[in-house]
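Q: Attaching a single structure in structure tokens format; questions to follow.
The values are calculated or read from the model by the stated rules, or taken from the named source; none is laboratory data. Everything numeric here is computed off the predicted structure, so don't read it as measured data. Every residue, glycine as well, gets a Cβ built from its backbone with ideal geometry; the counts of neighbours run over all protein chains shown.
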Amino acid sequence: MPVRELTPTDALAYRLLTSSAFGGSVDPADPAASAPLSPGQTAIGIDSAALPGGAGGVLAAAARIRHDEISLGGGRVRCGGIAGLAVHPAHRGEGLFAELLAAVLARCDEESLPVSMLYPSNPEIYRRHGYQVVARVETLEVPLVDLQRLRSVPGRRTVPVTAASMPRVRALYEEVTAGDNAMLRRQGPLFPDGLPGQGWEAVLLVGADGQDRGYASWTRRRGEGPGLEVHEVLGRDREDLRALLRVIGSWSTVTESVRLRVRTEDPVLDVLPGGGSRPAGGTVPLVMMRVVDTAALLTARPAPTGLSGALRLEVTDDTVPAGTCRAEGLFDVHVADGRVRAVTVPRSGTTSAQSSAGPSAAHSPEATAGTVLLDVHAASLLLVGGRSLADARRLGLRADADAPAEALLDALLAGPRPSVLDAF
């Protein structure tokens, strides 16, 4: 089944396909329905006409690959964000999903996107193709009576965020989240300059010395339920977070509670007063990621200061056809002077069958800590950081290692658990 890159003339067909799959309506007579897709992404698809009984001008399946960047323990790496992957009802059950997703991964590899990320509507079908849940986006309902208990924080003041001051918000986000794992960098054509959108508001927290300390952003909601949707509360320290939560608490005159979006292990969770916060109703969005190029993903991560050593890593991947991407393989990993170097090792003399007996059965180069064996799900969980090989084993994933090699890899990948917040 031929997969091709979509062109601007395919925009209407793509929007009709995705509106059918995910809901919504598209008026073909509306010029906006035929407008080119947003820049900063690649769209690929399969024509219905190329299949038995297909129709011209219809896409049987299609997807978009967002060209994003994510943080990686103080570094950053390009990421292929998968969006709008859909198969036409007339062509479901014909293997198009697997064909298209393999093409997506191959295209990510071709475009130097070492890791892929998506929000799954059905996690299991993506798990079959090597994706692994690494994070979830949680929203809490917070009663404002709790936030009213917060004392004022001296030496802090808030100012409205305007188009002129929005670059300061972006710079602060970049700085505060730089050491996280998997946070989008929010740069490039997918994140245009200016205020995010209609209804979005924010305040910037400024210290007595004039330094920007944090920000909180929200959208006012009408109707039943919480009257405020709080998108982010980011600060440099606990006092900054308290000051910003106190601003949120000032909305108590018009609403009893707010919905607060939080990241994994969000520092704001340790500052919320009272015990009234609870998970907001609705589905908890999961975040899945998948290694596309193991060596490139490892190399993008800075090594912790003082950490040095070497190990051999083997990653197996039977979820996509061989050669689809560069997740699978043998890699010599060297850590020194704050850098990681990962070199692909030819398989001559060492095969997966030989190494499947265990770490010590695989040949390791001299002067290394030993060997680590991961399946693609374990690699996808671990290489974005914040998890240990023991975590992978608890999930039933293949993560075998010689003890010294396990200690070295765990130390290299240590840090906060992955978090993803996709917009300001």
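Q: Among what's in the range 369-400 and is of a type in the set (Ser, Thr, Tyr) and buried (at least 22 other Cβ atoms within 10 Å of the Cβ), pick the residue that is nearest to Asp332 (Cα to Cα).
A: That would be Thr371.
Q: From the list Arg78, Arg66, Arg107, which one is under 30 Å from Leu409 (Cβ atoms), out of contact with any Cys (no Cβ under 7 Å at 6 or more places or on another chain) and either of a type in the set (S, T, N, Q) or not in a strand (DSSP E or B) (or both)?
A: Arg107
Yes/no per residue for (1) surrounded by fewer than 16 Cβ atoms within 10 Å (Cβ to Cβ); (2) in contact with a helix residue (DSSP H, G or I) (Cβ under 8 Å, 6 or more places away or on another chain); (3) in the same structural domain as Arg213 (by TED's automatic domain parsing):
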position	(1), (2), (3)
Ala49	yes, no, no
Arg66	no, no, no
Ile82	no, yes, no
Asn122	yes, no, no
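Q: Suppose we keep only residues that are crowded, with 17+ Cβ neighbours inside 10 Å and within 17 Å of Ala379 (Cα to Cα) within the range 346-368. Which one would you say is modelled with the highest pLDDT?
A: Across the range 346-368, the extreme among qualifying residues is Pro359.
Q: Hand me the list of strands (runs of 3 or more DSSP E) wholly inside the range 124-178 holding 2 or more residues that are under 17 Å from Val233 (Cβ atoms) and assigned by TED's automatic domain parsing to the domain that holds Thr219.
A: 138-143, 156-160
Q: Exactly one of (1) farther than 20 Å from Arg4 by Cα; (2) buried (at least 21 other Cβ atoms within 10 Å of the Cβ) is unmet by Arg136. Its number?
A: Going through the list (1) farther than 20 Å from Arg4 by Cα; (2) buried (at least 21 other Cβ atoms within 10 Å of the Cβ), Arg136 breaks only (2).
Q: For the range 1-38, give me the residue count where each residue is assigned to a helix (DSSP H, G or I) and touching a Lys or Arg at 6+ places or on another chain (Cβ under 6 Å).
A: 1
Q: I'd like the residue in the range 17-31 that is over 30 Å from Arg78 (Cβ atoms) and among the hydrophobic types (A, V, I, L, M, F, W, C) and, out of all such residues, is surrounded by the fewest Cβ atoms within 10 Å (Cβ to Cβ).
A: So, considering only residues that are over 30 Å from Arg78 (Cβ atoms) and among the hydrophobic types (A, V, I, L, M, F, W, C), the one surrounded by the fewest Cβ atoms within 10 Å (Cβ to Cβ) is Ala29.
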